[in-house]
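Where a number appears in this text, it was derived from the coordinates with a stated rule and is not lab data. For clarity, every value in this text was computed on a predicted model and none was experimentally measured. All Cβ positions, even for glycine, are placed from backbone atoms using ideal geometry, and neighbour counts span all protein chains on display.
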Amino acid sequence: MKEEAGRLDRGDGVELAWRHIDGRGPGVVFLGGFNSDMTGSKAEFLAGWCEARGTPFLRFDYSGHGASGGRFEDGTIGRWAADAAAVIGALAPGPRVLVGSSMGGWIALLLAARRRLPVRALVGIAPAPDFTEDLMWAEFSPAEREAILRDGVWMRPSEYGAPYPITRALIEDGRDHLLLRGPIQVDAPLRILQGQADPDVPWRHALRIAEAATGGDVRVHLVKDGDHRLSRPQDLALLGETLAPLLREDGL
């Protein structure tokens, strides 16, 4: 099946860009990371992998990301989770396997645990629930925190490109969506792929998620030399190997 592209008005005039491959059986939804888009290497790999198998596949950009409308600095975890729920509800309403990269892992867990979206399974690639609090705010210097509180925004340098805004709204809204302060009510199978050489999300973060998840079918795969992106050929092959049994129609 050829991949279709379109835009979804989320209800306030902001349009969310999406791409979808039709197919048979359970499908896959990719949720990208913070300040990334749906054309990255993992999303492209999944599109080709699903197309070759005849598996439905959906990818999209949150507001302020990639080809979608809206401003990045207006986004928050709650806003982007609502974006994801809107696109999935419109284009992939059946139980799907949610594949979330970094922030997308947090959003996938929120959709399953709080919004009760029908989920067949979850795959987190360096999933980063609570990153705004534990991996940003807790690590910021007093001067950086003061700038965010005073100005409402601070431009954070990035190893991956231009500096990007960290807003006070992002930090404060993130506190309403923290998951690692108690059990994460997810009963679907959960797989976590985590690089131990990840400079952005410590590998022990994956173990915290596994411990907090309430379901009995939870597996963590640590990649000794893996970085945050996990986009090398061997990493993408591992992603395919992880996904395949979760999509079998004869059961997990």
Exercise. Between the range 118-152 and the range 204-246, what is the C-alpha centre distance in whole Å?
Worked result: 20
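Let me know the charge dipole size of the range 1-159 about its Cα centre in debye, to the nearest 20, where only the beta-carbon of Lys, Arg (+1) and Asp, Glu (-1) is charged. Spell out each step's value before the answer.
Numbers: 18 positive and 21 negative charges, 153 e Å.
For this selection, approximately 740 debye.
May I ask you to order 55-66, 221-232 by the average number of other C-beta atoms within 10 Å around their residues, highest value first?
Working: 55-66: 24.6, 221-232: 16.5.
My ranking of the peptides, most packed first, is 55-66, 221-232.
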Exercise. Taking R0 as 30 Å, what's the FRET efficiency between ARG181 and HIS221 from their Cβ-Cβ distance, rounded to 0.05?
Worked result: 0.75
Problem set entry | Highest to lowest packing among 201-214, 121-134, 21-34, 149-162, scored as the average C-beta count within 10 Å | 121-134, 21-34, 201-214, 149-162
Exercise. Once the dipole of the chain is set up with Lys and Arg at +1 and Asp and Glu at -1 on Cβ about the Cα centre, which of LEU91, LEU135, ASN35 lies farthest towards its positive end?
Worked result: LEU91
Problem set entry | Spin-label pair GLU159/SER41, simplified geometry with 7 Å Cα→Cβ offset, distance in nm | 1.4
Exercise. Rounded to the nearest 0.05, what FRET efficiency is calculated for ASP22 and ARG168 with R0 set to 35 Å and r the Cβ-Cβ distance?
Worked result: 0.25
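Pop the C-beta distance of ARG204 and ASP151 into the FRET formula with R0 = 35 Å and round what comes out to the nearest 0.05. Show your work: numbers first, answer last.
Values: r = 33 Å, r/R0 = 0.93.
The formula returns an efficiency of 0.60 here.
Tell me the relative contact order for the range 173-224 as a rounded percent, counting alpha carbon contacts under 8 Å between residues six or more apart.
On the way: 67 pairs, mean separation 24.7, N = 52.
That works out to 48 percent.
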For this session: Quote the charge dipole size of the range 1-84 about the Cα centre in Debye, to the nearest 20; the model charges only the Cβ of Lys and Arg (+1) and of Asp and Glu (-1).
Result: 280
